[in-house]
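Student: Take a look at the following structure, please.
The values are calculated or read from the model by the stated rules, or taken from the named source; none is laboratory data. This one's a predicted model, so the numbers in the text were calculated from it and none came from an experiment. All Cβ positions, glycine included, derive from the backbone under ideal geometry; neighbour counts span all protein chains shown. Ligands, DNA and RNA are excluded from the accessible area calculation, which covers all protein heavy atoms including side chains. Shrake-Rupley method; radii C 1.70, N 1.55, O 1.52, S 1.80 Å.
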Amino acid sequence: MSNTLPFWILKNSARNSIATLQGGRRLYSRCASNRNKSRWRLFSQVPGTGKSSVPCSFFALQKAYRHTSTEEDDFQLQLSPQQVNEVLRAGESAHKILDLVSGVPNSVLRFESNQLAANSPVEDRRGIASCLQTNGLMFGIFDGHGGHACAQAVSERLFYYVAVSLMSQQTLERMEGAMESMKPLLPILHWFKHPGGSIYKDVTSVHLDHLRVYWQELLDLHMEMGLNIKEALMHSFQRLDSDISLEVQAPLEDEMTRNLSLQVAFSGATACMAHVDGVHLHVANAGDCRAILGVQEDNGMWSSLPLTCDHNAWNPAELSRLKREHPESEDRTVIVDHRLLGVLMPCRAFGDVQLKWSRELQHSVLERGCDTEALNVYQLSPPHYYTPPYLTAKPEVTYHRLRPQDKFLVLASDGLWDVLGNEEVVRLVVEHLAEAGQHKPDLAQRPANLGLMQSLLLQRKAQGLGAADQNAATRLIRHAIGTNEYGEMEPERLTAMLTLPEDLARMYRDDITVTVVYFNSDSIDAYYKGAERLPYGQG
């Protein structure tokens, strides 16, 4: 088979899959994709009619003009195996957790993460940090839509809200005292760096002001120990979303801050966040990112344990919730074509104020002289917009008490789950662990003759690996975009998907962000053995 994407795919993509639509003063492109559908459909007004045009996605026509030649020679489609690996591994990060908690090794052994962009710029974000006022580790996946601004803001701010929620009354008083006396604040988070992450993850002055108002309100509650983790996650998601909404409504003189607030509020982001403290694992989810556990039973069999439910139209409970929250007359219009109001795929998200605010509030904010076109901000007017809000950032929070058989946690954006099932993801991580642990001993025990080496090289070539991935997140991304319809790894497909020009890539795949967290079974086992030795009622 050829090592390139069949030319007819690119040819047909260029000729047939990009149709231009005139909408107001802007042109848009409509891209047909069987595999990944755009999160947003944009409804713009046809001039002079007052009616909505055909729904379309956020692909700008100016970008669609590129890479649309029908000459095969115009496409640079060849990538060597080494180049494929370089593309796949560019966003890798990995860290080992070495600190001790109460003299016992941390329940998290290490974690690996990676990200592959389809949008330009990438709309996914990730965050990993330790809370310096508690023993918790935080992991987050943030999947943006309608731009990257909201996902960026949530990835930088949400952990601070959670950390403040968990602070004791005494710590909050010290924080407030430092602010009043203009002294440095206590350190709150330690961020783990990864490629593409923000270099400066501190809160800006306006964001700190809102964070301070939040901890002042917590102080007024006079809770000696602070919120529990479930309450902290629940309140933090909703409070940050509320602050994002308030910030864009406030009159700001600084144009840059005002424009950024607009972009954040009118784009959106789903979020899945895990907090690990000893054997206590909490996962908060709003949208269609997902978290699962890889579990190995005593008999050696592996299985997946879902920790989240996707918040979309395919979730019966979510559908029932939406119908309960709106009049019966809207039962047939709250979800149209498996989208919220026919517009948005996820049913819970940060931002997206055009699905939360009244029409009057949208008009008053957007009519303050801001250049909404230059900012890529749109006022959406979907049909049947009667009783907002239709969207919420309220998360579902799941608690799981870690056991020695719980080996790893996988959090990922829907770009992974669209193409790989839970069990398949667990199988791939287990295969990765097996290769990492057994590959070298196997070579040492068997005679390293030329025949064996040639056989190993042929096996790797057939798998399209070149060299085994050292990062489980990379392996998952590789298989997500390189697996064919029969579930087989196809090197030609992998090469083709990575070679697609940026204008076409989003038509065939989504941004994919993955974090794999490995647990220390010995530490978890030691926790239970220690609990057994405690007097009754103290475990």
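Student: Highest mean first, what order results for 409-422, 340-353 on Cβ atoms within 10 Å?
Tutor: So the peptides 409-422, 340-353, ranked by packing, come out 340-353, 409-422.
Student: Then there's this: Just how large is the dipole of the range 373-433 about the Cα centre, in debye to the nearest 20, putting +1 at every Lys and Arg Cβ and -1 at every Asp and Glu Cβ?
Tutor: Charge dipole of the range 373-433: 360 debye, to the nearest 20.
Student: Counting only residues 5 or more places away or on other chains, whose amide H sits under 5 Å from the amide H of Val108 once H atoms are built in the peptide plane?
Tutor: Asn520
Student: Can I ask one more? Report Ser181's accessible area, 1.4 Å probe, all protein chains in place, as a number in Å² to the nearest 10.
Tutor: Rounded to the nearest 10, that gives 60 Å².
Student: Continuing with this model, one more query. Sort 184-191, 384-391 by packing, meaning the average of other beta carbons within 10 Å per residue, with the highest value first.
Tutor: 384-391, 184-191
Student: For the charge dipole of the range 284-323, defined by +1 on Lys and Arg C-beta atoms and -1 on Asp and Glu C-beta atoms about the Cα centroid, which residue among Ser303, Ala284, Ser320 has the Cα displaced farthest towards the positive pole?
Tutor: Ser320
Student: Please list Lys529, Lys193, Lys183 in order of solvent-accessible area, largest first, computed with a 1.4 Å probe with all protein chains present.
Tutor: My answer, sorted largest first, is Lys193, Lys183, Lys529.
Student: From the phi angles alone, apply the Karplus equation (6.51, -1.76, 1.60; θ = phi - 60°) to the range 214-220 and give each ³J(HN,Hα) in whole Hz, x where the residue is Gly or Pro.
Tutor: Calculated HN-Hα couplings, in order: 5, 6, 5, 5, 5, 4, 5 Hz.
Student: To continue, here is another question. Can you pick out the pairs among Lys230/Lys529; Lys230/Lys407; Lys193/Lys529 whose Cα atoms lie more than 30 Å from each other?
Tutor: Long pairs (Cα-Cα over 30 Å): Lys193/Lys529.
Student: Can you give the extra length, in nm with one decimal, that the chain gains between Trp314 and Arg212 once fully stretched, where that is 0.36 nm per residue apart less the Cα-Cα distance?
Tutor: Going from the current span to full extension adds 32.8 nm.
Student: Figure the gain on full extension for Glu492 and Leu132 (residue separation times 0.36 nm, minus the Cα-Cα span) and round it to one decimal in nm.
Tutor: 125.0 nm
Student: If the chain between Arg368 and Asn228 were fully stretched, how many nm would it gain, using 0.36 nm times the residue separation less the Cα-Cα distance?
Tutor: Value of the extension gain: 46.3 nm.
Student: Let's test the formula: R0 of 41 Å, r as the Cβ-Cβ distance of Ser168 and Arg324. What FRET efficiency results, to the nearest 0.05?
Tutor: 0.65
Student: Additional query: Cβ under 14 Å from Val514's Cβ, Val514 left aside: what net charge do those residues give with Lys, Arg +1 and Asp, Glu -1?
Tutor: With Lys, Arg at +1 and Asp, Glu at -1, the neighbours total -3.
Student: Any idea how far apart Val87 and Glu435 come out in nm if each label point goes 7 Å out from Cα toward Cβ?
Tutor: Result: 1.8 nm between the two label points.
Student: Return the sequence-ordered ³J(HN,Hα) values of the range 487-493 in whole Hz as given by the Karplus equation 6.51 cos²θ - 1.76 cosθ + 1.60 applied to θ = phi - 60°, using x for Gly and Pro.
Tutor: x, 9, 6, 10, x, 5, 5
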